[in-house]
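Undergrad: Mind looking over this structure? Questions follow.
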Amino acid sequence: MKISYNWLKKYISIDINAEKVSVILTDIGLPVKSIKKIILDEVEDSILDVEVTPNRTDAMSHYGIARDLYAFLKFRGDTVHLSKPVIINEETNHHNHVQVFIQENIKCIRYSGMSISEIRIEPSPHWLVSRLKSIGIKSINNIMDVISFVMYELGQPIHVFDIDQIEEKKIIIKNAEKNTYFQSSDRITRKLDEEDLIICDAKKPLSIAGIINSIQSNLHVDTKRIFLGSACFSPVVIRIIGKKHLIKTESQYLFERGIDPNQTAYALQRTAFLIKSITKRKTYFHITDVYPSPIYPSIIKLRYNKIRNVLGKEISKNKIKKILSLLEIVIHSENNKYLFVCVPLYRIDVKREIDLIEEILRIYGINKIKISDRVKISPLPNFFYKTEHQIQKILLEQLICYGFQEIISSTMRNENKYSTLLNSFFNREEIRIINPINQNYKLMRSSLLFGMIDCIEYNCNRINYYNNSNIKFFEIGKIYYKQNDKFLEKTYLGIVILQQIEKKHVEFQPFFYLKGIVEQIFQKSGINNYTQIFSKHPLLENSISMLYNNKNLVELGKLKNNILKKKEIVYAEIDWEYLISIIQEKKITYVPFSKYPTSRRDLSLLIDNTISFEKINQLIRKKENHVIKKIQIYDFYEGENLPKSKKSYTVSFFFESQKETLTDKIIKNSMKEIEFFLKKELKAEIREKK
């Protein structure tokens, strides 16, 4: 991001040691004599190339950079002053104001509008042209240049319409109708649908979510009255629209990273002040502000001992409070151990206590934290000797890190044909409640699956589509059933993923993604020698069972479509009690990494379609070939050009030794043994070797 040094100095009194490049910014054809009139401050400028992380939208503007520099320099002890951009406070009465209506409160958080009359479209003054030109922006006219100036000054995008082109003087923020064709200012016609957010008048769309205007709503030389819009949209909505319609504008760049909702009206007042200053005409202003569901600053608990433990240094309480004050973070309440602080809305990156500690370190100075010359290594955690509660905490935190959310569902259920089918498959009998409180809850649950399905349906009906395209839940709880005249209860861990079938762009395959999650749990638990077989689960299609010591540990598969229509749900159920017993019996073993390279060979096989890859894997493992480190499936095909009873696997073999670099001769001999063994045991036909 380009920052003009002279522009920055308008807000903060600093002297940055930057290499200054003398430039003369003039209009084409300007006489040499008039160059003398250019103020020296406008002639000599330095352009600072600032890299800002995507979550710091508050620093994506000149004033934002100045505000951040002020906090650092003031804490350092420099004499520095911060000047906030001047705005117009009074509102003049006139009859040209425009009404604003928001129909999509979730997508459009706040919309502020301003009507301005008695303007004149003309060239911008030299200072404005120079400011924009210094950061690579070409001047258009006085109104458009002021809008660009405010966007780069405050980081708030503003769009403008000709009031005479607004039907019935109404601005409506809503979803577009299906098959709406929109010709934007870049002369590209785009086809919109019901998911696209638009700004329109009573009859036609004027803009796509404030990021690109219609070609008909552009200003022209005879424009006398304008309407300025300053909005705060949902970043997710803008990101989806920009990606779908291939729109890349500065407004879209800022909107999709998050805008401060408290700045929308202020940016309009700043724009009005600049327009009034450069036009030098008697203009009339009227502001309309619609904020349906106000967002309030979040309150975060900040503990002094947590700051000390994270930073490794004691920082005085007065210095911590001073840093927070300079960052405009207000102390709500406090005691000797902690603070409750209110974070301003423009700091969208500060959500947790650790974020506050990072801010304190940033202003305090990381160079002031001394690092010990000694390197300390924590002892290897004794994971396999922990209690069940400790194991549960570790594994569930792992699921949370993968983006799953924990749910708790009722242990009582209603009778349905699917639960009956499930119990008959596992030879279980459901437990009935003699005197149920509600007829909908007259059975004890015999599976976690149905409670998770109810939770998915509830969320799909009440949460915005953009937030529930992929739902990931887990639950650990007991199930209850009767078997051989005994009442039993067992603990299971259920994991479920929902993916919308109608989604156009599939980000991942849910089945393999969930299988990978389960395998990551196994890896963390030290479970390596497990096997997989195809299962005939009554409610899951293409399901597999994962066994340990020939005992069922996991059931995993995709829910059949007739249970929950238009939803692709993948479910895994882990026998929690068996998993805990395996972990507690495991002992830690240490195997050093090999210092010798790994070699890979691929083998294509044509085999009977009843043979699974797991069977191939287990057969080869039994041969005890010590140089084979890993076996994985690379490709699978069945269909045209193959016999109906056959399928093709391409299997990758990874060879590695702890003692020596494997020669090509050793690897070739191992591959010959594998080929001979597969031909003998599976009657496989070797198709290709690589």
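The values are calculated or read from the model by the stated rules, or taken from the named source; none is laboratory data. None of these values were measured; they are calculated from a predicted model. Cβ sites come from the backbone with ideal geometry, for glycine too, and all protein chains shown count toward neighbours.
Undergrad: May I ask you to list the residues in the stretch 648-661 that are surrounded by fewer than 19 Cβ atoms within 10 Å (Cβ to Cβ) and not β-branched (V, I, T)?
TA: First, the residues of the stretch 648-661 that are surrounded by fewer than 19 Cβ atoms within 10 Å (Cβ to Cβ): 650, 652, 654, 656-661.
Within the stretch 648-661, S652, F654, E656, S657, Q658, K659, E660 meet the criteria.
Undergrad: In the stretch 585-619, what residues are in contact with an Asp or Glu (Cβ under 8 Å, 6 or more places away or on another chain), surrounded by 15 or more Cβ atoms within 10 Å (Cβ to Cβ) and closer than 25 Å to K515 by Cα?
TA: Listed by number, the residues that qualify are L603, S604, L605, I607, L619.
Undergrad: Considering only the stretch 411-425, I want to know if a residue exists there that is exposed (fewer than 13 other Cβ atoms within 10 Å of the Cβ) and modelled with pLDDT of 85 or more.
TA: Checked against the condition, which is being exposed (fewer than 13 other Cβ atoms within 10 Å of the Cβ) and modelled with pLDDT of 85 or more, the stretch 411-425 yields no hits at all.
Undergrad: Here's another thing I want to ask about it. Looking only at residues that are in a loop (DSSP other than H, G, I, E, B) and in contact with a strand residue (DSSP E or B) (Cβ under 8 Å, 6 or more places away or on another chain) in the stretch 620-647, which one is surrounded by the fewest Cβ atoms within 10 Å (Cβ to Cβ)? Write out each step before concluding.
TA: Going through the stretch 620-647, the residues in a loop (DSSP other than H, G, I, E, B) turn out to be 622-627, 638-645.
Narrowing further to those that are in contact with a strand residue (DSSP E or B) (Cβ under 8 Å, 6 or more places away or on another chain): 627, 638, 642, 645.
Working: V627: 18, E638: 13, L642: 13, S645: 10.
Among residues in the stretch 620-647 that are in a loop (DSSP other than H, G, I, E, B) and in contact with a strand residue (DSSP E or B) (Cβ under 8 Å, 6 or more places away or on another chain), the one surrounded by the fewest Cβ atoms within 10 Å (Cβ to Cβ) is S645.
Undergrad: Given the criteria touching a residue at least 24 places away in the same chain (Cβ under 8 Å), touching a Gly at 6+ places or on another chain (Cβ under 6 Å), under 23 Å from E168 (Cα atoms) and assigned by TED's automatic domain parsing to the domain that holds D164, does A209 qualify? Spell out how you get there, then give the answer.
TA: Numbers: touching a residue at least 24 places away in the same chain (Cβ under 8 Å): yes; touching a Gly at 6+ places or on another chain (Cβ under 6 Å): no; under 23 Å from E168 (Cα atoms): yes; assigned by TED's automatic domain parsing to the domain that holds D164: yes.
Criteria not met by A209.
Undergrad: Within the stretch 432-450, count every residue that is surrounded by 14 or more Cβ atoms within 10 Å (Cβ to Cβ), out of contact with any helix residue (DSSP H, G or I) (no Cβ under 8 Å at 6 or more places or on another chain) and over 16 Å from T491 (Cβ atoms).
TA: Adding up the residues that qualify gives 2.
Undergrad: Further, regarding this structure: If the requirement is being loosely packed, with under 15 Cβ neighbours inside 10 Å, touching a strand residue (DSSP E or B) at 6+ places or on another chain (Cβ under 8 Å) and not in a strand (DSSP E or B), which of these qualifies: K524, K515, K536?
TA: Numbers: K524 fails: touching a strand residue (DSSP E or B) at 6+ places or on another chain (Cβ under 8 Å); K515 fails: loosely packed, with under 15 Cβ neighbours inside 10 Å.
Sole residue among the options that is loosely packed, with under 15 Cβ neighbours inside 10 Å, touching a strand residue (DSSP E or B) at 6+ places or on another chain (Cβ under 8 Å) and not in a strand (DSSP E or B): K536.
Undergrad: Those residues that are part of a strand (DSSP E or B) and either closer than 15 Å to F285 by Cβ or small (G, A, S) (or both), I need them from the stretch 101-125; list them, please.
TA: S112, G113, M114, S115, I116, S117
Undergrad: Determine which member of the set T53, T79 is farther than 26 Å from V236 by Cβ, among the β-branched types (V, I, T) and either part of a loop (DSSP other than H, G, I, E, B) or touching a His at 6+ places or on another chain (Cβ under 8 Å) (or both). So that I can check it myself, show each step before the final result.
TA: Working: T53 fails: farther than 26 Å from V236 by Cβ.
That would be T79, the only listed residue that is farther than 26 Å from V236 by Cβ, among the β-branched types (V, I, T) and either part of a loop (DSSP other than H, G, I, E, B) or touching a His at 6+ places or on another chain (Cβ under 8 Å) (or both).
Undergrad: Of all residues in the stretch 270-295, how many are modelled with pLDDT of 90 or more and of a type in the set (F, W, Y)?
TA: Residues meeting the conditions: 2.
Undergrad: State whether one or more residues within the stretch 669-679 are charged (D, E, K, R), within 18 Å of F613 (Cβ to Cβ) and surrounded by 14 or more Cβ atoms within 10 Å (Cβ to Cβ). Before the answer, list the steps.
TA: Step one: list which residues in the stretch 669-679 are charged (D, E, K, R), which gives 672-673, 675, 679.
Still in the list and also within 18 Å of F613 (Cβ to Cβ): 675, 679.
Those left that are additionally surrounded by 14 or more Cβ atoms within 10 Å (Cβ to Cβ): 675.
Yes - at least one qualifying residue is present in the stretch 669-679.
Undergrad: Confirm whether D260 is over 29 Å from Y63 (Cβ atoms) and of a type outside the set (V, I, T).
TA: Working: over 29 Å from Y63 (Cβ atoms): no; of a type outside the set (V, I, T): yes.
So D260 fails the test.
Undergrad: Which of the following residues is in contact with a Cys (Cβ under 9 Å, 6 or more places away or on another chain), assigned by TED's automatic domain parsing to the domain that holds E250 and farther than 19 Å from K2 by Cβ: I143, I163, I158, I171?
TA: Working: I143 fails: in contact with a Cys (Cβ under 9 Å, 6 or more places away or on another chain); I163 fails: in contact with a Cys (Cβ under 9 Å, 6 or more places away or on another chain); I158 fails: in contact with a Cys (Cβ under 9 Å, 6 or more places away or on another chain).
Within the list I143, I163, I158, I171, the selection yields I171.
Undergrad: Go through the stretch 154-199 and report how many residues are within 23 Å of R120 (Cα to Cα), in contact (Cβ under 8 Å) with a residue 60 or more places away in the chain and in contact with a Lys or Arg (Cβ under 9 Å, 6 or more places away or on another chain).
TA: Summing the residues that are within 23 Å of R120 (Cα to Cα), in contact (Cβ under 8 Å) with a residue 60 or more places away in the chain and in contact with a Lys or Arg (Cβ under 9 Å, 6 or more places away or on another chain) in the stretch 154-199 gives 3.
Undergrad: Give the residues of the stretch 393-450 that are aliphatic (A, V, I, L, M), under 13 Å from Y480 (Cβ atoms) and either outside the structural domain of Y571 (by TED's automatic domain parsing) or in a loop (DSSP other than H, G, I, E, B) (or both), sorted by residue number. Don't jump to the end; show me each part of the working.
TA: Taking the stretch 393-450 as the starting set, the residues that turn out to be aliphatic (A, V, I, L, M) are 394-396, 399-400, 407-408, 412, 421-422, 431, 433-434, 437, 443-444, 448-449.
This time we only want the ones that are under 13 Å from Y480 (Cβ atoms), so: 412, 431, 433, 443-444, 448.
Result: I431, I433, L448.
Undergrad: Which one of the conditions (1) surrounded by fewer than 19 Cβ atoms within 10 Å (Cβ to Cβ); (2) in contact with a strand residue (DSSP E or B) (Cβ under 6 Å, 6 or more places away or on another chain); (3) touching a residue at least 40 places away in the same chain (Cβ under 8 Å) does A202 fail to meet, given that it meets all the rest?
TA: (3)
Undergrad: Across the stretch 603-616, what is the total count of residues that are under 37 Å from the mean Cα position of the chain (by Cα) and either without any contact (Cβ under 8 Å) to a residue 40 or more places away in the chain or part of a strand (DSSP E or B) (or both)?
TA: Summing the residues that are under 37 Å from the mean Cα position of the chain (by Cα) and either without any contact (Cβ under 8 Å) to a residue 40 or more places away in the chain or part of a strand (DSSP E or B) (or both) in the stretch 603-616 gives 1.
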